[in-house]
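Here is the structure we will look at, set down as structure tokens.
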Amino acid sequence: MATDSIMSLLLPDELITEILLKLPVKSLSKFMCVSKSWLQLISSHDFVKNHIKLTANDKRYIHHRLIFRKTNDDFKFCPLLPLFTKQQLIEELFHIKRSTLSTHIVGSVNGLICVVHGKKEAYIWNPTITKSKELPKFTCNMCSGSIRYGFGYDESRDDYKVVFINYPYNHSSSSDMTAVVNICSLRTNSWTTLHDQLQGIFLLSQYGRFVNGKLYWTSSTRNNHYKVCNITSFDLADGTWGSLELPSCGKDSFDINLGVVGSDLSLIYTCRRGAATSDVWVMKHSRVNVSWTKLFTIKYHQNIKTHRCFAPVFTFSIHFCCGEIMLLQQSAIIIYDGSTRQLKHTSDVTQCEEIYVESLVNPLTISDQGRRN
């Protein structure tokens, strides 16, 4: 109480809050011990929400971390910024054991990471504050067939949702092909099942890309021999499906991968096998329609040509930093300098899994917030 009184005399509460919001999570975790009022402030829902907005939009990327694997099956972490600045990793790498090869990362939103083990277990994990929550066990209809995944945030309900899309192995034609969609809400801590979804549509991407309240997958039909023909979206707020046309020439491409540039959906495509170039596009929304804008064309140097995305299962993301662009794949990290049109890759990190931002969001308290509100 004495500390609270002294701080109130020195600085107004509004200024204290403004200062604390600019600090990294590790510092804030220590400052929770300063006083009871600071503990209540830093752990409050409004503070956590405002803090993640500031850190996620920080163009210096000092709060972003990369999850990767090297020669073993452990998940490892490192800061993102040194990969651009060519410095040594200034933070000690730490790791978490993967129990089997069936453990994989679905996606990351607001510092929370969705981890799936096999087809029956899923966790929401914040590695920064070392808190995790196991989701309710799957029902039997989630355990067979081909599965697609998604993880995103429903801002209208302040809720995080995990999506599992199951294609049973029992369809004889494209017309009767449907999917069972299972959605887990962290607020209600329960699964909702939607039957007979996506009739005739097959999602090619294993993991959906989350952008502005929607999950996106590349998609096709059996009539198109499972070649990418458009992009299918799922709105986490109202549970509706949508479809997006590919940019010009996209349907003739050999390989397409979805990513994110800032708050926009992006894609990279290579026109044919063995091609020396790939195009990067971003999707722009307006009040009237949705359009695609071509950012640049990547010309691959001979010695890193093999690091391109060759299959839709590879992860692809773009992050702007210091005038450079990062192309994140499972097999390598490639950094493209738009001013020199040169490519380079880092040898320190391989087998990339995900990029996340450090946050105070506690997966264990989300359901409690849902009951109070």
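A short reminder: the numbers here are calculations on the coordinates, not readings from a lab. No experiment lies behind these values; they were computed from the predicted model shown.
Computed values, structure above
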| read-out | value |
| --- | --- |
| Contour excess over end-to-end distance, with Cα ends at S339 and N189 and 0.36 nm allotted per residue | 49.2 nm |
| Cross-link pairs beyond the 29 Å C-alpha cut-off, checked among K76/K120; K26/K76; K53/K299; K36/K131 | K53/K299 |
| In order through the range 35-42: 3J(HN,Hα) via Karplus (6.51 cos²θ - 1.76 cosθ + 1.60), integer Hz, x for Gly, Pro | 7, 5, 5, 5, 4, 5, 5, 5 |
